[in-house]
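Visitor: After the structure tokens below, expect a handful of questions from me.
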Amino acid sequence: MNQVRNFINLPRNNISNGVNRSYTVQIPSRLSKVNKLIQNILKLLHSLGINKSTSFDIRLCLEEALINAVKHGNKNNGNLLVKIDYSISDEMFKVSIEDRGSGFDYKHLPDPTVRKNLLKTKGRGIYLMKHLMNEVFFNKDGNRVTMIKYLKEEG
């Protein structure tokens with residue numbers, strides 16, 4: 001079932017076992033909209049009983065990706081929208097975040113763990129996303145990131 005909503009008016013239905021729900025949401029490029037959207041997504045995830053560690057990982061990665069889209073991609077232009085496609089199932093959470101910017105070169109990012117970069121205040125968001133999510137990839141233009149977090153532990 002695919003549901004489309006503008007801004008942050010998400011459905012309030014709980015997710016039942018075995019159901020896969022997909023959503024498309026667009027928010028204006030305002031940081032105030034980011035937190036509300038994240039809280040709504042986390043409510044849906046909590047209905048699946050995800051643990052606190054997984055919830056933290058997803059929240060942090062959503063914050064990083066959405067703030068990057070608003071600040072760096074759309075340059076804080078409230079007239080430009082950020083598009084968020086996400087799906088939730090018992091097994092995984094998948095989200096794609098796309099801004100209207102020209103993108104960036106995601107293949108040549110400085111390593112924030114290298115000594116010369118340790119004290120820099122920028123450049124850790126994508127590093128965190130790659131280490132906290134199971135899969136992270138970008139479109140060729142660098143203005144859309146897709147992240148996947150598996151909700152069920154293997155084994």
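Visitor: Report, in debye and to the nearest 20, how large the dipole of the chain comes out about its Cα centre when Lys and Arg carry +1 and Asp and Glu carry -1 on their Cβ.
Guide: Computed about the Cα centre, the dipole is about 600 debye.
Visitor: Let me ask something else about it. Give me 107, 33 sorted ascending by neighbouring Cβ count inside 10 Å, so fewest comes first.
Guide: Values: 107 7, 33 20.
In increasing order of surrounding Cβ atoms, one gets 107, 33.
Visitor: Please report the relative contact order for the range 20-155, taking Cα pairs under 8 Å with a sequence separation of at least 6, and give it as a percent rounded to a whole number.
Guide: 28 percent
Visitor: So, one more: For an R0 of 30 angstrom, estimate the FRET efficiency from the Cβ-Cβ distance between residue 24 and residue 56 and round to the nearest 0.05.
Guide: Calculated value: 0.75.
Visitor: Here's a follow-up. Counting only DSSP beta bridges with both residues in the chain, what percent are antiparallel, rounded to the nearest 5?
Guide: Roughly 85 percent of the beta bridges in the chain run antiparallel, per DSSP.
Visitor: Sticking with this structure for a sec: So which of 33/107; 75/130; 83/116; 120/152; 75/152 end up more than 31 Å apart, counting from Cα to Cα?
Guide: Going by Cα-Cα distance, 83/116; 120/152; 75/152 fall outside the 31 Å limit.
Visitor: Turning to a different aspect of this structure: Just grab the label-to-label distance for residue 76 and residue 122, each label 7 Å out from Cα along the Cβ direction, in nm (one decimal).
Guide: Label-label distance for residue 76 and residue 122, simple model: 1.3 nm.
Visitor: Can you sort 130, 122, 149 from fewest to most other Cβ atoms within 10 Å of each residue's own Cβ?
Guide: 122, 130, 149
Visitor: Identify which of the listed values of percent of Cα pairs over 25 Å apart was calculated from the structure shown: (i) 29; (ii) 32; (iii) 43.
Guide: Entry (i).
Visitor: Rank the residues 72, 46, 131, 108 as a footprinting-exposure proxy: fewest other Cβ atoms within 10 Å of their Cβ go first.
Guide: 108, 131, 46, 72
Throughout, read-outs are computed from the coordinates displayed, never taken from laboratory work. Nothing here was measured: the structure is a model prediction, and the numbers come from that model. Here Cβ is always computed from backbone atoms with ideal geometry, including for glycine, and neighbour counts include all displayed protein chains.
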